[in-house]
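To start, the structure under review is shown below, and the notes come after it.
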Amino acid sequence: MSNKHLTIPKIFMLAGLIILSAGLLFGLTGALQYIVPGFLKQFLSFEKTRPLHVSAILFWIITGSSGAVFSYLQQSTGKKIYSVLLAKIQCYIFSACIVLIFISYCIGIFGGREYWEFPPALGLPIAIAWVLFLFNYLKSVSGFKNQPVYVWMWLTGIVFFLFTFLESYLWIFPYFRNNIVNDMTIQWKSYGSMVGSWNMLIYGSSIFLMEKIMGVSSYSRTRLAFLMYFLGLFNLMFNWGHHIYTLPTHNYIKHVSYIVSMTELLIFGKIIYQWKSSLDSAKKYGHYAAYSLLLSADAWVFLTLALSILMSVPAINVYTHGTHFTVAHAMGATIGINSLLLLAFASDILMQPPAISNKKFKISLWTVNIALFVFWISLIAAGIQKARWQMSTEKIPFSVMMLEQRPIFIIFFIAGLVLTIGLLLIIYPLIKWPLMSSDKTGKQVVA
Ligand code: HEM
């Protein structure tokens with residue numbers, strides 16, 4: 001039996017990588033529509049490409065992280081997951097939903113909110129699939145006593161994603177929808193915490209992968225690991241207020257969030273402190289593609305955390321709110337951290353032996369990092385210009401401001417194009433290899 005069987009974790013990862021590739025092309029189209037507003041306007045206007053892009057990206061993150069949790073849970077317990085069938089149903093529901101979502105957007109049917117703009121009825125199968133994930137996870141973990149930190153992080157991530165996902169649909173009830181301030185507070189709160197929940201899944205998996213590469217299992221049982229876990233949980237539950245500083249709601253929410261957001265400085269400090277040792281380890285483990293991706297993500301944690309801590313200061317947030325700073329923050333984090341970490345898991349799970357950091361891979365990864373940096377800086381520059389426009393007393397029309405931004409958006413598009421090429425160069429072998437000769441019997445076994 002060859003080790004290229006399409007196991008459940010591999011199916012999740014492959015589905016995720018295919019959705020990500022589509023998401024990249026929609027992002028590229030959206031960026032082109034910044035500079036050529038009429039581009040594809042008749043059948044794929046920006047109102048469609050943006051949700052197509054963002055929903056695809058979110059499904060990449062939840063599908064990829066489900067695959068990583070299933071694979072690493074089995075590797076850490078040494079046992080098969082409780083039910084392959086439930087995991088298959090979860091994956092097929094995700095895949096069917098994203099196809100229906102793409103169709104609904106392309107034919108112009110929306111009805112949802114912010115990151116989930118699709119018709120709310122499609123939220124139900126996603127919630128059901130997630131309940132199956134939770135049940136399968138709980139049944140697969142043999143008790144929570146003396147477990148390494150990542151087992152707790154996965155549990156926290158799965159539970160809080162379900163909670164915040166359901167919370168993000170409270171607007172369907174008139175009681176919440178009829179009070180705009182409460183409605184928006186809950187909206188931004190649920191999305192802020194939802195990001196925290198999928199970060200728990202991804203950071204838990206990166207701790208497991210780091211230990212696997214280094215052949216140790218000590219860190220995930222240390223006090224520091226659990227301290228960082230509780231700090232992450234604390235932020236997941238209470239830092240979301242920095243999304244609503246501009247809303248006329250209770251001041252104590254903003255003050256608590258401001259203080260909690262600043263505790264992220266501790267994570268920032270830890271990264272700086274540990275950077276040297278991770279560089280030393282790079283000499284030893286840098287030949288693993290997964291390790292190079294983990295290291296790149298570490299650098300992006302540093303950069304995006306610096307920006308998000310700045311944006312969490314109310315006096316600065318009043319300028320950045322509603323500008324491309326938010327897009328820089330969101331994409332910096334979901335590309336530089338989430339996606340690079342998920343690609344690290346994919347290169348470890350889909351390729352056996354795990355992918356090697358050969359010359360082609362190194363060039364692709366450097367292309368991604370440099371293009372992403374230019375991409376990120378261009379969004380920050382667009383944010384500064386828009387913030388100045390928002391605060392200016394000269395009443396310059398929006399269209400004039402957008403026209404003045406055009407040179408920045410051209411840089412954004414070119415950097416986005418190079419970034420897309422770099423990412424696709426990393427994605428393609430990860431999709432091709434396992435599919436090239438999956439087991440002739442077609443039998444699926446758990447890795
Ligand atoms: C792994 C890759 C990517 C991820 C994870 C990602 C993620 C995201 C997210 C989360 C948003 C919503 C931001 C918000 O809250 O407003 C977004 C918006 C956007 N992204 Fe991406 N993105 C990726 C790649 C790209 C690429 C390569 C391009 C262009 C070349 C791109 C272009 C855009 C555009 C135009 C928007 C809409 C910004 C707006 O609201 O005006 N994205 N992306």
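Quick notes on this structure:
- Unique residue being away from the ligand (no atom under 11 Å from the Cβ), among the basic types (Lys, Arg) and part of a loop (DSSP other than H, G, I, E, B) when the list is Lys10, Lys79: Lys79
- Every residue from region 338-359 that is part of a loop (DSSP other than H, G, I, E, B) and either open to solvent by less than 20 Å² (accessible area, probe 1.4 Å) or within 9 Å of the ligand (Cβ to nearest atom) (or both): Leu350, Ala355, Ser357
- Restricted to region 386-401, and to residues there that are within 14 Å of the ligand (Cβ to nearest atom) and without any contact (Cβ under 8 Å) to a residue 60 or more places away in the chain, the residue that is most open to solvent (accessible area, probe 1.4 Å) is Phe398.
- Failed item, numbered, when Ser21 is tested on (1) open to solvent by less than 20 Å² (accessible area, probe 1.4 Å); (2) within 13 Å of the ligand (Cβ to nearest atom): (1)
- Positions within region 31-76 being over 16 Å from Phe102 (Cβ atoms), touching a residue at least 60 places away in the same chain (Cβ under 8 Å) and within 12 Å of the ligand (Cβ to nearest atom), in sequence order: Ala31, Leu32, Tyr34, Ile35, Ile61, Gly64
- Among the residues making up region 308-324, those that are part of a helix (DSSP H, G or I) and more than 30 Å from Met13 (Cα to Cα) are Ile309, Leu310, Met311, Pro314, Ala315, Ile316, Asn317, Val318, Tyr319, Thr320, His324.
- Test: residue in region 247-270 that is in contact with a strand residue (DSSP E or B) (Cβ under 8 Å, 6 or more places away or on another chain) and modelled with pLDDT under 70: no
- If the condition is being within 16 Å of the ligand (Cβ to nearest atom) and crowded, with 19+ Cβ neighbours inside 10 Å, then region 114-141 contributes Trp116, Glu117, Phe118.
- Selection within region 307-337: residues that are more than 13 Å from the ligand (Cβ to nearest atom) and open to solvent by 40 Å² or more (accessible area, probe 1.4 Å). The member of this set that is nearest to Leu430 (Cα to Cα) is Leu310.
- Contact map, region 106-133: residues that are under 17 Å from Met194 (Cβ atoms) paired with residues that are open to solvent by 50 Å² or more (accessible area, probe 1.4 Å) and within 16 Å of the ligand (Cβ to nearest atom), Cβ distance under 8 Å, separation 6+ or inter-chain. Pairs shown: Glu117/Phe110; Phe118/Phe110.
The values are calculated or read from the model by the stated rules, or taken from the named source; none is laboratory data. What you are looking at is a predicted structure, and each value in this text was computed from that prediction instead of being measured. As a convention, Cβ positions derive from the backbone with ideal geometry for all residues, glycine included, and neighbour counts pool all protein chains shown. Accessible surface areas use protein heavy atoms only, side chains included; no ligands, DNA or RNA. Shrake-Rupley method; radii C 1.70, N 1.55, O 1.52, S 1.80 Å.
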